[in-house]
1. Looking at Gly31, is it in contact with a His (Cβ under 8 Å, 6 or more places away or on another chain), among the small types (Gly, Ala, Ser) and either modelled with pLDDT of 95 or more or surrounded by fewer than 22 Cβ atoms within 10 Å (Cβ to Cβ) (or both)?
2. Could you list, in sequence order, all residues of segment 49-77 that are part of a helix (DSSP H, G or I) and surrounded by 15 or more Cβ atoms within 10 Å (Cβ to Cβ)?
3. Any chance you could count how many residues in segment 193-205 are part of a loop (DSSP other than H, G, I, E, B) and either surrounded by fewer than 19 Cβ atoms within 10 Å (Cβ to Cβ) or modelled with pLDDT under 95 (or both)?
4. I'd like to verify a number: residues in segment 22-70 that are among the charged types (D, E, K, R), under 19 Å from the mean Cα position of the chain (by Cα) and within 12 Å of the ligand (Cβ to nearest atom), how many?
5. Just name the residue that is farthest from Gly269 (Cα to Cα) out of those in segment 206-247 that are in a loop (DSSP other than H, G, I, E, B) and within 16 Å of the ligand (Cβ to nearest atom).
6. For segment 88-98, state whether one or more residues are within 16 Å of the ligand (Cβ to nearest atom) and not in a helix (DSSP H, G or I).
7. Within segment 1-12, how many residues turn out to be of a type in the set (A, V, I, L, M, F, W, C) and either within 10 Å of the ligand (Cβ to nearest atom) or touching a Cys at 6+ places or on another chain (Cβ under 8 Å) (or both)?
8. Could you say which residue among Glu306, Glu312 is away from the ligand (no atom under 16 Å from the Cβ) and in a loop (DSSP other than H, G, I, E, B)?
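The values are calculated or read from the model by the stated rules, or taken from the named source; none is laboratory data. Small disclaimer: the values here were computed from a predicted structure and weren't measured. So basically every Cβ, Gly included, is an ideal-geometry build from the backbone, and we count neighbours across all protein chains shown.
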Amino acid sequence: MRLVSIVGARPQFVKIAPVSRALGNPELTDGVPVEDIIVHTGQHYDHGMSEVFFDELRIPNPTVNLEIGSGPHGQQTGEMMIAIERELESRRPDVVVVYGDTNSTLAGAIAAAKLRIPIAHVEAGLRSFNREMPEEINRIVADQVSDRLLAPTETAMVNLREEGLDSHAVLTGDVMFDAVRFNLELAGESSTILDELQLEPGRYAVATLHRASNTDSQSLPAIVDAFNELAQTTVPIVFPMHPRTTAALQRTYPDWQAADGLTVIKPVGYLDMLALLAGASIALSDSGGLQKEALFVGTPCVTLREETEWPETVDAGGNVLVGADPDRIMEAVPRMMNAADTSSASALGTASSPFGDGRAAEYIVKEILQMC
Ligand code: UD1
């Protein structure tokens with residue numbers, strides 16, 4: 001069986017890792033030889049945004065890197081589609097696998113659909129119900145054109161049912177939960193980031209920020225000022241800054257400087273991020289993945305958005321949505337640090353967990369094998 005797996009952005013490297021490992025295990029593929037051709041669109045290209053994830057998560061090197069890089073949405077997606085179509089025509093896979101909701105997902109799904117190659121969508125069915133988010137458009141289109149919808153949660157299954165897509169949807173659990181289970185111990189053993197930054201476990205916060213709605217708007221100055229205030233009054237913060245955010249700050253708030261207690265660093269790899277998260281007293285983020293990863297390691301999260309595709313994190317008591325409002329951020333951080341009971345997070349490894357049993361990748365591989 002020949003697969004083409006399409007990835008391009010940081011969260012997709014995390015998602016492909018458990019699936020790629022499962023595909024390489026003959027016990028899980030019933031001895032069916034699987035050729036997995038990894039096509040990297042090049043959407044993320046900095047070493048710290050791409051290569052470090054392949055190294056740390058031991059993902060086979062991409063078979064091909066299309067090197068599309070950054071650009072406006074239409075241009076970036078269009079260039080990806082042209083290059084992916086060429087790859088698919090020459091490689092003629094039985095199935096194309098796309099992950100998540102980035103422009104790489106959209107381009108891969110449309111290119112494959114037009115060539116009538118069956119598509120499996122990993123992380124299908126997520127909805128924020130906010131079409132201002134480019135990711136929401138990507139998810140909706142990818143789900144519409146995919147042949148097998150691999151849903152991480154029961155909520156995602158309900159969303160697919162409501163859109164009439166349930167006949168080819170399957171609940172698998174969340175591959176990002178698989179990834180945390182597989183790598184958390186390793187992160188504790190191999191990451192030295194807490195020592196390097198002289199951080200004491202339980203006595204700092206970790207923050208990330210990269211959503212277009214927060215970086216490309218009036219919200220950005222208010223959020224980074226709130227980070228400064230929190231760092232001075234409440235808890236020291238480590239802030240691995242996404243290059244989009246660095247560029248947006250230079251453009252819109254060139255005078256901004258991090259206050260004492262706010263440590264801005266370059267983006268970190270997966271293992272360092274897990275170590276930072278596990279040691280933090282609280283996370284502040286607008287990332288979908290980080291909201292869950294925080295919960296998985298028992299750290300409360302304050303989410304800098306008004307809605308989430310992962311309502312299970314809020315229901316579990318480990319996450320609160322505050323948008324970009326500095327007053328709500330300032331109020332929520334001490335409250336969540338002091339009162340949040342994330343002990344329910346430890347129940348997440350059990351069979352009744354909303355994110356599956358940590359074997360989502362195995363179920364996904366079984367579904368993919370049935371597609372040809
Ligand atoms: C993309 C995804 C988003 C995902 C995020 C994870 C889309 C629409 N968005 O957002 O869903 O959560 O990745 O990080 O696909 N840049 C670099 N180096 C890089 C990559 C990006 O400097 O290696 C800078 C460039 O200035 C670029 C900007 O970051 O213009 C934005 O990159 P882009 O890939 O367009 O979107 P992300 O914000 O990373």
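1. Taking the combined requirement at face value, the residue does not satisfy it.
2. Hits for segment 49-77 are Met49, Glu51, Val52, Phe53, Phe54, Glu56, Gln76, Thr77.
3. Going through segment 193-205 one residue at a time, the tally reaches 6.
4. Number of matching residues: 2.
5. It comes out as Ser217.
6. Yes, some residue in segment 88-98 is within 16 Å of the ligand (Cβ to nearest atom) and not in a helix (DSSP H, G or I).
7. Total satisfying the criteria: 2.
8. Glu306
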